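A quick write-up on the structure given underneath.
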Amino acid sequence: MFLAILFAACAPKPGPVNTEEISAFENNLTSVVSFTNDPGWNIEERMKFYGVPGASIAVIKDNKILWSKAYGIMDKETSEPVTTKTLFQAGSISKPVAAYVALKEVDNGKINLDTDVNSWLKTWKIPGNEFTAEKKVTLAHLLSHTGGLTVHGFLGYSPDLPVPTLVQVLDGAPPANSAPVRVNKTPGGNFRYSGGGYSVMQQLLIDVNDGKTFPAIAKDLVLGPLEMTSSTYDQPLDAETVKLAATGYLPNHEQTKGKRHTYPEMAAAGLWTTAEDLAKFAIEVQNAAAGKSKIISKATADRLLTAVDANYALGFGVRDRKGDVYFGHGGWDEGFSSEMVAHRDKGYGIVVLTNSNHPPFISEVIRAAAKTYNWDNYLPTYTRLPMDTTLFAKVRGRYRNGTDGRITITTEGDHLYFKYLRAGRRELFKISDSTYISNEEDAPLQFKTLTDGQIDLVIYDGGNHGGSHPMVKGNEMVPFEHLLAGDFEKALKGYQDLLKANPGDFSIAEENLNRQGYEKLGENVKLARDIFKINMLLYPLSPNVYDSYADACFEDGDKKEALINYKKSLSMDAANTHAKERIAELENVPK
């Protein structure tokens, strides 16, 4: 009780509103790269551009909430406005808050970061296999996504669907709509994002607290002490609280089925919150880094913000920008996107919550804060120089980019354009006598003339040499270019040759081709189907490739071929619930 009163007394609150300052922020939205003297974009105009119904923002300065403000509407049908008390699903920002709960239990002595989590799990345990025989999964592995655990993320459950228990989620058992959470690579290796790992952590916290619910544990250890009074991991919300909840909207602007989904995977995706509450949490982490936390020790805080692999620490992404360290996390649930970012040492940051799936808008808002409040080394800014069109004829052409990529340089009038094979084109702007940059990526590039007169395109990513990209001579094509040209057989041979020459080449990795197929599925079904078919022919022993190809056939209206391949996948993986559901659906379709 004393601890709760102490936090209530010192909990940070929004300061007095400076309308001119807020107006400057609201008109400072910008692209990834900012050019001096270019006007910013207006926040309401960008919401309309992306189709974002509502947003809630809290700005942090000097380790306090400087101001918070709401924009737009929480529901298109009622046009009810968003307020600073409107609840949003935080998506994966649930993870760092849940990690903080776990770290509090570390300091309480109930668990530790470096012991086999199966020693505490009671209701469910991580099944042993050849990977866990070599090394055990620890809490540090779960929090840093280095445990080798499967299941990237979760879809949630619309109100018309039964909601599984956490154990059913962990086992991928009906009515769960996700695969079983299992270890399929040696723990302690490279970062691989796993919402499944955080679900294991959720069960661990329940078990070490004798079956107490996860929302109650989180409230007692973190949400309550931090005065995050609007936040809860309750799934679903009760009838009274749901009145404060925004309605979610998908990337195509359609309403999330049933307005919002239920996530039994609470630690991974289940936090309902406000921008002000998450700002309180970000400030607590800043205080922890300075040794001023009332929840976790300085030693635990140091480990919390120390990157383990791929700029990810114990619940947070951590990025060193020329000596300025920022921590944060993004979130995506069905119909909700969010992001929190803050400087570890200098007391500033921002939280942005939206009831739509348009992260680029959120990134623009964060950059507006960086620009308005002069965040150190966060927003790359350059001066745009006049273009030299005499260079254009020399640099136009195609350039190598790995074994299955190309970069194309084109011109129109006095405009210079850059295009990756699988992406849209970007305009390039001159920033020095020899250097150009797009406003969409902080990766300056230069055209260099080699001794034989050929042109080499050099890209500097984050200030580092990003590799050489020599100009392509003649009509030489990579496999994906053959796919784009509609020549499946030449593409297949090209991929087979790449696999034979280097089986470890990422361009022909099963997971990479699978990702490319799903990226194209919504815009070009035939191309997606061809990519999945290539993957199926390259990796005939994988059940996943047949399931993915079946998805493309299903979307293409080829139900017969879809059914054949769903059955093929299921015969190889009896736990494939997605295939089971699609087979049942297809076999009930009138012939």
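The values are calculated or read from the model by the stated rules, or taken from the named source; none is laboratory data. Small disclaimer: the values here were computed from a predicted structure and weren't measured. When we count neighbours, we look across all protein chains shown, and the Cβ atoms used for this are built from the backbone with ideal geometry, even at glycine. We work out accessible area using only protein heavy atoms, side chains counted, and drop any ligands, DNA or RNA first. Shrake-Rupley method; radii C 1.70, N 1.55, O 1.52, S 1.80 Å.
What's the total number of residues in the range 504-542 that are of a type in the set (F, W, Y) and open to solvent by less than 30 Å² (accessible area, probe 1.4 Å)?
Result for the range 504-542: 1.
Tally up the residues in the range 389-399 that are polar (S, T, N, Q) and either crowded, with 18+ Cβ neighbours inside 10 Å or in contact with a strand residue (DSSP E or B) (Cβ under 7 Å, 6 or more places away or on another chain) (or both), please.
Residues in the range 389-399 being polar (S, T, N, Q) and either crowded, with 18+ Cβ neighbours inside 10 Å or in contact with a strand residue (DSSP E or B) (Cβ under 7 Å, 6 or more places away or on another chain) (or both): 0 in total.
Inspect all residues belonging to the range 275-283 and state whether any of them is open to solvent by 10 Å² or more (accessible area, probe 1.4 Å), in contact (Cβ under 8 Å) with a residue 12 or more places away in the chain and within 26 Å of V59 (Cα to Cα).
Yes, the range 275-283 contains a residue that is open to solvent by 10 Å² or more (accessible area, probe 1.4 Å), in contact (Cβ under 8 Å) with a residue 12 or more places away in the chain and within 26 Å of V59 (Cα to Cα).
Quickly run through the range 73-83 and pick out the residues that are open to solvent by 40 Å² or more (accessible area, probe 1.4 Å) and either among the charged types (D, E, K, R) or touching a residue at least 60 places away in the same chain (Cβ under 8 Å) (or both).
K76, E77, E80
Considering only residues that are buried (at least 16 other Cβ atoms within 10 Å of the Cβ) and in contact (Cβ under 8 Å) with a residue 60 or more places away in the chain, which ones fall in the range 400-428?
Across the range 400-428, the qualifying residues are R400, N401, T403, D404, G405, R406, I407, L421.
Determine which member of the set K294, K298 is surrounded by fewer than 18 Cβ atoms within 10 Å (Cβ to Cβ), charged (D, E, K, R) and touching a residue at least 40 places away in the same chain (Cβ under 8 Å).
K294
When you go through (1) in a loop (DSSP other than H, G, I, E, B); (2) under 22 Å from A282 (Cα atoms); (3) basic (K, R) one by one for K95, which number turns out not to apply?
Condition not satisfied by K95: (1).
Tell me, yes or no, whether the range 198-205 has at least one residue that is out of contact with any Asp or Glu (no Cβ under 6 Å at 6 or more places or on another chain), crowded, with 24+ Cβ neighbours inside 10 Å, at negative phi and in a loop (DSSP other than H, G, I, E, B).
no
Give me the residue from the range 118-168 that is open to solvent by 10 Å² or more (accessible area, probe 1.4 Å) and aromatic (F, W, Y) and, out of that set, nearest to N544 (Cα to Cα).
F154
Conditions: (1) over 32 Å from the mean Cα position of the chain (by Cα); (2) surrounded by 13 or more Cβ atoms within 10 Å (Cβ to Cβ); (3) not in a strand (DSSP E or B). S432 meets all but one. Number of the miss?
The single condition S432 does not satisfy is (2).
Are there strands (runs of 3 or more DSSP E) fully within the range 295-394 with at least 1 residues that are more than 20 Å from the chain's Cα centre (by Cα)? List them.
324-333
Within the bounds of the range 98-117, is there any residue that is in a loop (DSSP other than H, G, I, E, B) and closer than 18 Å to M266 by Cα?
No, the range 98-117 contains no residue that is in a loop (DSSP other than H, G, I, E, B) and closer than 18 Å to M266 by Cα.
Would you confirm, using the coordinates I've provided, whether Y348 is of a type in the set (S, T, Y) and open to solvent by 20 Å² or more (accessible area, probe 1.4 Å)?
Taking the combined requirement at face value, the residue satisfies it.
Could you give me the residue pairs with C-beta distances under 7 Å whose first residue belongs to the range 158-179 and is closer than 13 Å to M266 by Cα, whose second residue is among the acidic types (D, E) and outside any helix (DSSP H, G or I) wherever it lies, and which are 6+ apart or on separate chains?
V169/E265
Being free of Cβ contacts under 8 Å to residues at least 60 places away in the same chain, closer than 22 Å to G402 by Cβ and touching a Ser or Thr at 6+ places or on another chain (Cβ under 6 Å) is true for just one of N535, N514. Which residue is that?
Testing whether each residue is free of Cβ contacts under 8 Å to residues at least 60 places away in the same chain, closer than 22 Å to G402 by Cβ and touching a Ser or Thr at 6+ places or on another chain (Cβ under 6 Å) leaves just N514.
In the set N535, N588, N514, N565, which member is more than 20 Å from S178 (Cα to Cα), of a type in the set (S, T, N, Q) and out of contact with any Gly (no Cβ under 9 Å at 6 or more places or on another chain)?
It is N588.
Which of the residues that make up the range 357-371 are of a type in the set (S, T, N, Q) and either surrounded by 19 or more Cβ atoms within 10 Å (Cβ to Cβ) or touching an Asp or Glu at 6+ places or on another chain (Cβ under 6 Å) (or both)?
Listed by number, the list holds a single entry, N357.
Quick check: is even one residue across the range 173-185 farther than 19 Å from W124 by Cα and at pLDDT below 95?
yes
Look through P359, P380, P386 and report the one residue that is farther than 30 Å from F154 by Cα, touching a strand residue (DSSP E or B) at 6+ places or on another chain (Cβ under 6 Å) and not hydrophobic (A, V, I, L, M, F, W, C).
When all the criteria are applied, what remains is P380.
For the range 186-218, which positions are touching a Gly at 6+ places or on another chain (Cβ under 8 Å) and charged (D, E, K, R)?
Correct list: R192 only.
Could you please find all residues in the range 224-265 being in a loop (DSSP other than H, G, I, E, B), more than 18 Å from T354 (Cβ to Cβ), among the hydrophobic types (A, V, I, L, M, F, W, C) and open to solvent by 20 Å² or more (accessible area, probe 1.4 Å)?
L237, A239
Identify, please: which residue in the range 372-383 is open to solvent by 30 Å² or more (accessible area, probe 1.4 Å) and among the aromatic types (F, W, Y) and is, among those, nearest to I93 (Cα to Cα)?
Residue satisfying both the conditions and the ranking: Y378.
If I filter the range 479-501 for residues that are more than 30 Å from L537 (Cβ to Cβ) and open to solvent by less than 80 Å² (accessible area, probe 1.4 Å), do I get at least one hit?
No, because not a single residue in the range 479-501 is more than 30 Å from L537 (Cβ to Cβ) and open to solvent by less than 80 Å² (accessible area, probe 1.4 Å).
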